[in-house]
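Reviewing the structure listed below.
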Amino acid sequence: MNAFCLPRVLPLTFGCAILVASPLRAQQPKDTIRLREIVVTATRLPTPTEQVPNGVTVLRGEELRARGVSLVLDALRETPGAAVVQSGSFGGQTSLFLRGGESNYVRVLVDGVPINEPGGRIDLAGLSAENVERIEIVRGPASVLYGSDAMTGVIQIFTRRGAGGAVLSTGTRAGSYGTRAIEASLSAGSGRVAWSLGASQFASSGVDTTNNAYRNRAASALLRLTPDSRTDAQITIRHHDGVYHFPTDFAGFPSDSNQFTGSRATTVSAEVGRSLTTRLEARLLLGWQDQRDTAQNSPDSPAETDGYGNLTSFRRRSADLRANVRLGPAFVVTAGAVLEEQFFHNAIGFTGSFASGDTVDVSRTNRAAYAQLLAGLGDGVSLTGGVRFDDNQKFGSFGTARAGLTVRATPTTRLRGSAGTAFKEPTFFQSYGGGFSTGNPNLVPEQARSFELGVEQSFAGELATVGAAYFDQHFRDVIQYTFAASPGAPNYRNIAGANARGVELEARLHPFRAATLTARYTYLHTDSGVDGSTLAVGLGQRPRLLRRPTHAGSVTLDGRFGARLRGGATLLFVGTRDDLDFRNADPVTFVPRRVELPAHVRVDAGGEFDAVPARGARPGLALTFRVENLLDARYEEVLYFRAPGWVALVGGRLSVGLGR
């Protein structure tokens, strides 16, 4: 398929959905039931999606596993407005740009606990989808509920709860690039107790023939107790560690045979809730996050003396106490208070001609109070509003607010709109520096204001839906790194501003029982005019922001096909986007040259075939397959960092029911 035509072809899918909707009513079996989608992340209360004024996408773990999707980054590629960028092979640093914002503008949660570094940065390369119940993506500002970093959205990963008798499942697969993967899970659940355990390991020799191996291990556990109808408690633990070897420098030049990075992170979430009366519920969420990142480059030979070693670690400890007060059948007020302690350590050392080193050990405290109103006004009208006040030990006080409205204009038409503000605190590196960078303790938080308008139309008894949304965002006080700093002067400054606006289209239909066809398309316009920044290059210009495509879209078919086969396929289209060429930077100012990366199309497919269906106590055996980049497209998501070509993985999964 010609990539140039895809920006025209993808929107036509939405017209096709309308044309086929009427015949679908006759084809759909009468015993198929479509349940209302419920999300938690948007309001921190179980809320039907038709009452949420923001754009929301829910990815189900069961469907991802059936298609062989094992990494969160690959699941997010299908999300409207999301641009996932990985620097080369498996394990390469991976960033997410949501709705045109910076890569640190999205707060990522695991069972309510943030896993970003303080200040928003997160590398998604090693985030496994093993033992995941679902992933909720809420687009739009969400600082009112989640504080810093939630500038353009929030992603929350929910650990799987067991249900029914105990089931043990284990699987393995292998294939291209020396890839090997193994996973295992054990889960069970009753009315009062539910639990699950999961573990996985992934290894690959990588795209490059020298020093490009990657290994990642993950484990998770959940225990949920419901001793009575008024009380619930849950604790989850998620851990991952990985090592990534890479032979190139930051500009993509092959330069080293033994450098590597490592990452190890552990997240603990503990939440308890109690209904004190029929109208009042109290909830306490405790969070614990530890991450340790290393980078090592020893001399390659006895003749070479230059090398470096870097250790960066951060910790977050948080407590969030909130009350949900029901003022009526459709009125809920949430009021809460948050206390968070952040700790940061960075030690870097150089050997050889650049022998030097320094260490940074700092911490900061943040306190916040927030309130939210959810109100059903009758006749299909729902109102959402909230305010928040943050007080940070380092950068002072900050307030945010948001409001939204949804209207059921007709039984099949829903209108929605929202507006809000958000902020992002400076990172510890930006405030305190490290290595060859000088921090700036006087930085202020980055800020955003935005609004969106949306419409959704259903057909044939909701067997097909078509939706469209327009969003408009403005970012200011954006923190940028500059090389043009005098000795001792800060390298980080609040100097930038940017705009991001666009349109998201989505069509979903059910061509036959237990299968869903989804088409998504995003048009994004971004601009900035800051000379020498990483946002834009060129004084007096307003070029688009880096690594955000103007056109992007996907078409996904997944579900069950017959009695034994389940899975699906996805076509991803990513349009042209800009990047910086550091190989050809100006030799005097060090400003890199701006280049345009070409568009590309990627097709992924995967499935499970029940070779031996499980029945009662009899084990079940499923044959699994996964093909990524089926058309063997040659492309780069980061300039000079080649993405993997055609990847094929085959294997099997054994499931055993262990009884009650």
Under the condition of being under 26 Å from residue 252 (Cα atoms) and of a type outside the set (A, V, I, L, M), which residue from region 639-660 is least open to solvent (accessible area, probe 1.4 Å)? 645
The residue from 107, 121 that alone is closer than 21 Å to residue 344 by Cα, part of a strand (DSSP E or B) and among the charged types (D, E, K, R) is 107
Residues (in a strand (DSSP E or B), open to solvent by 20 Å² or more (accessible area, probe 1.4 Å) and of a type in the set (A, V, I, L, M, F, W, C)) located in region 296-315: 311
Within region 54-81, considering residues that are closer than 26 Å to residue 525 by Cβ and open to solvent by 20 Å² or more (accessible area, probe 1.4 Å), the one nearest to the chain's Cα centre (by Cα): 77
Which residue pairs have Cβ atoms closer than 8 Å, lie 6 or more positions apart in sequence or on different chains, and pair a first residue in region 635-660 that is under 30 Å from residue 598 (Cα atoms) with a second residue that is in a strand (DSSP E or B) and open to solvent by 70 Å² or more (accessible area, probe 1.4 Å)? 636/642; 648/625; 649/625
Residue 318 vs. criteria part of a strand (DSSP E or B) and either closer than 20 Å to residue 276 by Cβ or of a type in the set (S, T, N, Q) (or both): yes
How about region 557-609: which strands (runs of 3 or more DSSP E) wholly inside it have at least 2 residues that are of a type in the set (A, V, I, L, M, F, W, C) and surrounded by fewer than 17 Cβ atoms within 10 Å (Cβ to Cβ)? 565-574
Report whether or not residue 633 is among the small types (Gly, Ala, Ser) and open to solvent by 30 Å² or more (accessible area, probe 1.4 Å). no
Among the residues of region 591-607, is there at least one that is charged (D, E, K, R) and in contact with a Phe, Trp or Tyr (Cβ under 7 Å, 6 or more places away or on another chain)? no
When residues of region 366-396 are limited to those that are open to solvent by 30 Å² or more (accessible area, probe 1.4 Å) and of a type in the set (Phe, Trp, Tyr), the one farthest from residue 55 (Cα to Cα): 395
Qualifying position, being closer than 24 Å to residue 160 by Cβ, of a type outside the set (Phe, Trp, Tyr) and either out of contact with any Leu (no Cβ under 7 Å at 6 or more places or on another chain) or assigned to a strand (DSSP E or B) (or both), among 187, 257: 187
All but one of (1) farther than 19 Å from residue 591 by Cα; (2) in contact with a helix residue (DSSP H, G or I) (Cβ under 8 Å, 6 or more places away or on another chain); (3) of a type outside the set (Lys, Arg); (4) open to solvent by 30 Å² or more (accessible area, probe 1.4 Å) hold for residue 464; state the number of the condition that does not hold. (4)
Any hit, region 377-384, residues being touching a residue at least 40 places away in the same chain (Cβ under 8 Å) and among the charged types (D, E, K, R): no
How many residues, within region 342-384, are within 30 Å of the chain's Cα centre (by Cα) and among the hydroxyl-bearing types (Ser, Thr, Tyr)? 5
I'd like to check something: does region 83-101 contain any residue that is crowded, with 23+ Cβ neighbours inside 10 Å, of a type in the set (D, E, K, R) and over 22 Å from residue 421 (Cα atoms)? no
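The values are calculated or read from the model by the stated rules, or taken from the named source; none is laboratory data. None of the values given here were measured: they were computed from a predicted structure. Don't worry about glycine lacking a Cβ; one is built from the backbone with ideal geometry, like all the others, and counts go over all protein chains shown. Note: accessible area is taken over every heavy atom of the protein model, side chains too, but ligands, DNA and RNA are not part of it. Shrake-Rupley method; radii C 1.70, N 1.55, O 1.52, S 1.80 Å.
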